[in-house]
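The values are calculated or read from the model by the stated rules, or taken from the named source; none is laboratory data. Quantities reported herein were computed from a predicted structural model and do not represent experimental measurements. Reconstructed Cβ throughout: ideal geometry from the backbone, glycine too, with neighbour counts over all protein chains shown. Protein only, heavy atoms only, side chains kept; ligands, DNA and RNA dropped before computing areas. Shrake-Rupley method; radii C 1.70, N 1.55, O 1.52, S 1.80 Å.
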Amino acid sequence: MSGYLPLTDADREAMLEAIGVDSVDDLFEQIPEGVRLDRPLDVPAALPEAALVRHVEELAARNADTSRELSFLGMGIYDHYVPAVVDAFLSRGEFLTAYTPYQPEMSQGVLQAIFEYQTAICELTGMDVSNASGYDGTTVAADACFVAKHATGRSKVVVTEATNPQVRQVVKTYAVGFGLEVVEVPHDGGTTDPDAIRVAADGAAAVFFQQPNVFGCLEPAPELAAAANDAGALPVAHVDPLSLGVLEAPGNYGCAIALGEGQAAGNFPSFGGPHYGFLAARNDYIRRMPGRIVGETVDAAGERGYVLTLQTREQHIRREKATSNITTNQTLLALGGLVYLTWLGPQGLRELGETCLSLAAYAQERLAERAGLELLFPKRATFKEFAVRVGRNAREVVKAARECGVHPGYALGRDYAGMDDVLLVAVTEKRTAQEIDRLADVLAEVTHA
């Protein structure tokens, strides 16, 4: 087993002697007797290593994952292929710590990796500057609210209803502490009306929209950004990074900030996390960006080096000046994203996007032909995900399909009124035509049960 740490009684005695105490109990003498546990912990006896491995494997087998169940589940977390080179890098000892380099000049390799990650995110989003990553795609959205408030002096943010409900909920939660009002704009047939945004954005600090949106539909993103800019609000695009091989970069259609969940690029679903969020912006907002930004410089000998150029965390500057109280980022997982994007390259990213588009189109056809399922928004273009009506409660359909070894998607009725019979289906490049045919056959069976 990896991580085995031997500790003998002699080792223990040597450490106690070095500390200057007689026993481990002496280390806790400052803790009042009334709060100490006066009995041994009620835990099972220790197991031999082989028995422990078997026990852990039995516990792990209780979990369903994409190696055991054919998955078309999306809603923000996707089953994309992660090449072996990603884990090869992430398992190197130089990178294994995901925490902040508090003596950054001693961590040149980590700083260079972060710098290159920032460069990749900027190239992907069409923005000028990226931070070193964030916790996930929800918290970076909340951080962007604070950036917008500082930049505009306004106390209202607009969020489209077609933005992932988890993102919207986190924004609302943080907004209380930020002193912000959150206004939601309903979708109109699966996408957002720019005129509705223009009205809602009056007096707003920012307008958030998702591209592709939560239904997989493509928003009229340039028009939404223009409507926000016309009102003096910062347009903020929450984007799927793997869509940017075939869709326009947010920086090219007028957005001030681009952010999102990076899991799809180089990280496994991992039962929902941990993952990494990315946040990039125009240079105008560089001093308001949350977290930290690595920069390139030269040392006293004229050699290239990397430093933590900006740190707007409350640990480094006065709390009232800080733009984020989040203590760290997801450096290790963001490195996985960098390795993945480097592995793909620009042409590979485009081909991946085209593959997702063609497989999703094939899935729509097969679900209509074999299962008789109709698209919820038939007139909208989609990317990777699409919503279908299944004729009965979608949660029951999911449960029945999983008994056949297929997870057919996400039941949208969990988050949207009037959509109890709607299933959100995600199709990545990992799915084959045969697997899509199986999904169609299973849904044909369980939706008509």
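Does residue 417 fit the bill of being surrounded by fewer than 17 Cβ atoms within 10 Å (Cβ to Cβ) and either aliphatic (A, V, I, L, M) or in a strand (DSSP E or B) (or both)?
On the way: surrounded by fewer than 17 Cβ atoms within 10 Å (Cβ to Cβ): yes; either aliphatic (A, V, I, L, M) or in a strand (DSSP E or B) (or both): yes.
In short, yes.
Residue 234: under 22 Å from residue 126 (Cα atoms) and at pLDDT 95 or above, yes or no? Taking the combined requirement at face value, the residue satisfies it. Of all the residues in the range 45-88, those that are in contact (Cβ under 8 Å) with a residue 40 or more places away in the chain, closer than 21 Å to residue 265 by Cα, in a loop (DSSP other than H, G, I, E, B) and polar (S, T, N, Q) number 1. Only one entry in 410, 416 is aromatic (Phe, Trp, Tyr) and touching a strand residue (DSSP E or B) at 6+ places or on another chain (Cβ under 7 Å), namely 410. Residues in the range 240-267 that are hydrophobic (A, V, I, L, M, F, W, C), out of contact with any Gly (no Cβ under 6 Å at 6 or more places or on another chain) and under 24 Å from residue 358 (Cβ atoms): 242, 244, 247, 264. Of all positions in the range 20-32, none carries a residue that is exposed (fewer than 10 other Cβ atoms within 10 Å of the Cβ) and at pLDDT below 85. The single condition from (1) in contact with a His (Cβ under 7 Å, 6 or more places away or on another chain); (2) at pLDDT 95 or above; (3) open to solvent by 20 Å² or more (accessible area, probe 1.4 Å); (4) within 26 Å of residue 292 (Cα to Cα) that residue 167 fails is (3). Count of the range 250-296 residues, restricted to those that are open to solvent by 10 Å² or more (accessible area, probe 1.4 Å) and among the hydrophobic types (A, V, I, L, M, F, W, C), is 4. Checking 363, 381, 401, 433 one by one, the residue that is surrounded by fewer than 17 Cβ atoms within 10 Å (Cβ to Cβ), under 21 Å from residue 70 (Cα atoms), of a type in the set (A, V, I, L, M) and under 28 Å from the mean Cα position of the chain (by Cα) is 433 and no other. Taking the criterion of being under 18 Å from residue 64 (Cα atoms) and of a type in the set (A, V, I, L, M), the residues of the range 404-424 that qualify are 406, 411. For the range 218-243, the tally of residues that are under 19 Å from the mean Cα position of the chain (by Cα), outside any loop (DSSP other than H, G, I, E, B) and crowded, with 24+ Cβ neighbours inside 10 Å stands at 6. Could you grab me the full set of residues in the range 226-244 that are within 28 Å of residue 267 (Cβ to Cβ), in contact with a strand residue (DSSP E or B) (Cβ under 7 Å, 6 or more places away or on another chain) and of a type in the set (Gly, Ala, Ser)? 237 - this is the single residue of the range 226-244 that is within 28 Å of residue 267 (Cβ to Cβ), in contact with a strand residue (DSSP E or B) (Cβ under 7 Å, 6 or more places away or on another chain) and of a type in the set (Gly, Ala, Ser).
Identify all residues within the range 214-238 that are closer than 18 Å to residue 278 by Cβ and not hydrophobic (A, V, I, L, M, F, W, C); write none if there are none. Those that are closer than 18 Å to residue 278 by Cβ and not hydrophobic (A, V, I, L, M, F, W, C): 235, 238. When residue 72 is tested against (1) more than 23 Å from the chain's Cα centre (by Cα); (2) farther than 20 Å from residue 331 by Cα, only condition (1) is not met.
Residues in the range 120-142: is at least one touching a Ser or Thr at 6+ places or on another chain (Cβ under 9 Å), of a type in the set (Gly, Ala, Ser), open to solvent by 10 Å² or more (accessible area, probe 1.4 Å) and farther than 23 Å from residue 286 by Cβ? Taking every residue of the range 120-142 in turn, none turns out to be touching a Ser or Thr at 6+ places or on another chain (Cβ under 9 Å), of a type in the set (Gly, Ala, Ser), open to solvent by 10 Å² or more (accessible area, probe 1.4 Å) and farther than 23 Å from residue 286 by Cβ. Name the residue that is farthest from residue 238 (Cα to Cα), counting only residues in the range 72-112 that are modelled with pLDDT under 85 and in contact with a strand residue (DSSP E or B) (Cβ under 8 Å, 6 or more places away or on another chain). Top of the filtered list is 105.
Among the hydroxyl-bearing types (Ser, Thr, Tyr), touching a residue at least 40 places away in the same chain (Cβ under 8 Å) and open to solvent by less than 10 Å² (accessible area, probe 1.4 Å): which single residue out of 160, 152 fits that description? Walk me through it before giving the result.
Working: 152 fails: open to solvent by less than 10 Å² (accessible area, probe 1.4 Å).
It is 160.
When 369, 396, 354 are screened for being open to solvent by 30 Å² or more (accessible area, probe 1.4 Å), under 26 Å from residue 239 (Cα atoms) and either outside any loop (DSSP other than H, G, I, E, B) or modelled with pLDDT of 95 or more (or both), only 354 passes.
Look through the range 286-312, keep the residues that are hydrophobic (A, V, I, L, M, F, W, C) and not in a strand (DSSP E or B), and return whichever of them is nearest to residue 143 (Cα to Cα).
Of the range 286-312, the ones hydrophobic (A, V, I, L, M, F, W, C) are 286, 289, 293-294, 298, 300-301, 307-308, 310.
With the extra rule that they be not in a strand (DSSP E or B), the set shrinks to 286, 289, 300-301.
Working: 286: 13, 289: 8, 300: 36, 301: 38 Å.
Among those residues, the one meeting the criterion is 289.
Within the range 52-71, being among the small types (Gly, Ala, Ser) and at pLDDT below 95 holds for 60, 61, 64, 67. Residues that are open to solvent by 40 Å² or more (accessible area, probe 1.4 Å) and under 24 Å from the mean Cα position of the chain (by Cα) within the range 184-208 comprise 184, 186, 187, listed in sequence order.
Cβ separations smaller than 9 Å between residues 6+ apart or across chains give the following pairs from the range 13-27 residues that are part of a helix (DSSP H, G or I) to residues that are open to solvent by 100 Å² or more (accessible area, probe 1.4 Å): 16/22; 26/19; 27/19.
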